[in-house]
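Presented below is the structure to which this report refers.
The values are calculated or read from the model by the stated rules, or taken from the named source; none is laboratory data. Keep in mind that this is a model prediction, so the values were computed, not measured. Cβ atoms come from the backbone with ideal geometry, glycine included; neighbour counts cover every protein chain shown. Heavy atoms of the whole protein, side chains included, go into the accessibility calculation; ligands, DNA and RNA do not. Shrake-Rupley method; radii C 1.70, N 1.55, O 1.52, S 1.80 Å.
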Amino acid sequence: MSSAPIYADAVAGLLLVCAATAALAWDPIGHETVGAIADQLIAGTNSETQVRKILGTSLRASAVWADCAKGVEKKGARFSYTATGKRRECQAFETSVGKAEMANFVRRNWDNCAPLPDEDRCHKQYHYTDVSNLRNHYAKGLAGTSNHDIVSAISAAVAVLQGKPAPAPFRINSEKEALRLLAHYLGDIHQPLHVVAIYLDRDGNTVDPDAGTFDRSTATRGGNEILDGSDSLHFEWDHVSWDVSADRLNEEILSDARQIAAAHGSVSNWPTRWATDTLLAAKPAFKDLTFSPEDTEHHHWLVTLPDGYSDTRASVQRRQLIKAGARLAQILRAIWP
Ligand SMILES: [Zn+2]
C-alpha cells in the first residue's frame, strides 16, 4: 500500500497511488472527481454555505469517507479502525476523533440489516445494488435489490439532511455523516457495476434471476467473481481513466456537467431514476462478453472481452462521473435552495 503525497500533481505519482490502492467502488480518484465537480457547480450558492458548515471541508475530500470507513474491523465486541497509513485519501480522517467517527458508524451499521452469511456487512451493502443486466428499470423486489441497497441508502442520507430520521434499517446519526455518505453514494450509483450485475450459470450462460426460482449461486457480485486475466471485471470498471480526474478538471468537463438536466418531481424519486439511468448506460458493459464455465472451487468465471472494450469503458466512465458530479450538485441545490 502506498502513502504517496496527497493530490500529487505528477501523473506518475497518481498512477503509483492508484496501482497500490485496493478496488472499493470507483477508485478514490473517481470519488474525488465526483466531489470536485459538485464543489465547482455549487460554488457561490446557499448549498455551498451549508455543505461547508456541515463538513468543514470540501465534497471532494469527503466523498471517499464511506470507503475509508471500510478500514474498521470488529474484534470481539470492539470496533476499531485498522488501516492507518494505508490509503493516502483517508489520512485526513485518521485523527483520534476521525477514527472514532468511522468506528461508530460501522458499529451502528454492522448487522442492522440482518445480513445472510454470504452477504457483506450492512454498511458495505449500502454501496451497491445488483439488478440483472436484462432489466431496463430499477424496481424494489427485483433480484439483487433490498431495503438497504444504494438506492435506499441515498434516500436515507437525503432524509437526514432534510431533518427527518433515517428510515430503518439505516443508522445515520448526524448531518455530517449523512452528507459524507451522500457524496460517496452519488458516485457509486453511477458506477455501472455497482448497479448492474450479470447472473451466470455453471456453463457461463447468462441467466435471468427474476424468472423462476432465484439460484443464489448464479450471482457474480457486481462482477467481482468475473476475471479478466488477474483483474476482476468490477475492478476494471472502478479504475478511472486519466482524461477526467479531480486534479484535471477543465472547463470542458464542467461545461458538460452543467448540461446534465436535473430530474423533475420529488427528490425522493431521484435515486430510483438514477439507478434506471445507470442500468441503461451500463448496457455496453455486458455487450458481446463471453464467459468460461464456472471455476466452482473458487466461484469465478473467466471473461473474454470484445475488441475496443477498454475504449468503450473509458467513455462510459467519463460520462458517468460527470453525471454523478452534476447530480450531487443538483440534489444539494434541491435540499438547500
Ligand atoms: Zn463505495
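What pairs can you find where one residue is in the range 49-67 and within 16 Å of the ligand (Cβ to nearest atom), the other is among the β-branched types (Val, Ile, Thr), and their Cβ atoms are less than 6 Å apart, with a gap of 6+ or different chains?
Cβ pairs passing all conditions: Ala63/Val34.
Residue under question is Arg88, and the condition is that it be of a type in the set (D, E, K, R), open to solvent by less than 30 Å² (accessible area, probe 1.4 Å), more than 16 Å from Ser174 (Cα to Cα) and touching a helix residue (DSSP H, G or I) at 6+ places or on another chain (Cβ under 9 Å); does it hold?
It is true that Arg88 is of a type in the set (D, E, K, R), open to solvent by less than 30 Å² (accessible area, probe 1.4 Å), more than 16 Å from Ser174 (Cα to Cα) and touching a helix residue (DSSP H, G or I) at 6+ places or on another chain (Cβ under 9 Å).
Considering only the range 68-101, how many residues are within 16 Å of the ligand (Cβ to nearest atom) and either assigned to a loop (DSSP other than H, G, I, E, B) or modelled with pLDDT under 95 (or both)?
Count: 3.
Kindly list, by first and then second residue, each pair from a residue in the range 111-130 that is touching a residue at least 24 places away in the same chain (Cβ under 8 Å) and farther than 17 Å from Gly222 by Cα to a residue that is charged (D, E, K, R) and more than 16 Å from the ligand (Cβ to nearest atom), limited to pairs with Cβ atoms under 8 Å and residues at least 6 apart or on different chains.
Once the first residue is touching a residue at least 24 places away in the same chain (Cβ under 8 Å) and farther than 17 Å from Gly222 by Cα and sits in the range 111-130, its partners that are charged (D, E, K, R) and more than 16 Å from the ligand (Cβ to nearest atom) give Asn112/Arg171.
Against the condition of a type outside the set (A, V, I, L, M, F, W, C), under 17 Å from the mean Cα position of the chain (by Cα) and open to solvent by 20 Å² or more (accessible area, probe 1.4 Å), how does Arg221 come out, does it pass?
Against the criterion (of a type outside the set (A, V, I, L, M, F, W, C), under 17 Å from the mean Cα position of the chain (by Cα) and open to solvent by 20 Å² or more (accessible area, probe 1.4 Å)), Arg221 qualifies.
It is to be established whether one or more residues within the range 106-122 are more than 30 Å from Asp208 (Cβ to Cβ), open to solvent by less than 40 Å² (accessible area, probe 1.4 Å), part of a helix (DSSP H, G or I) and of a type outside the set (Asp, Glu).
Taking every residue of the range 106-122 in turn, at least one turns out to be more than 30 Å from Asp208 (Cβ to Cβ), open to solvent by less than 40 Å² (accessible area, probe 1.4 Å), part of a helix (DSSP H, G or I) and of a type outside the set (Asp, Glu).
Listed here are the residues, each with its yes/no results for (1) over 16 Å from Leu142 (Cβ atoms); (2) not in a loop (DSSP other than H, G, I, E, B).
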| site | (1), (2) |
| --- | --- |
| His194 | no, yes |
| Arg202 | yes, no |
| Gly212 | no, no |
| Gly223 | yes, no |
| Ile253 | yes, yes |
| Asp256 | yes, yes |
| Ala261 | yes, no |
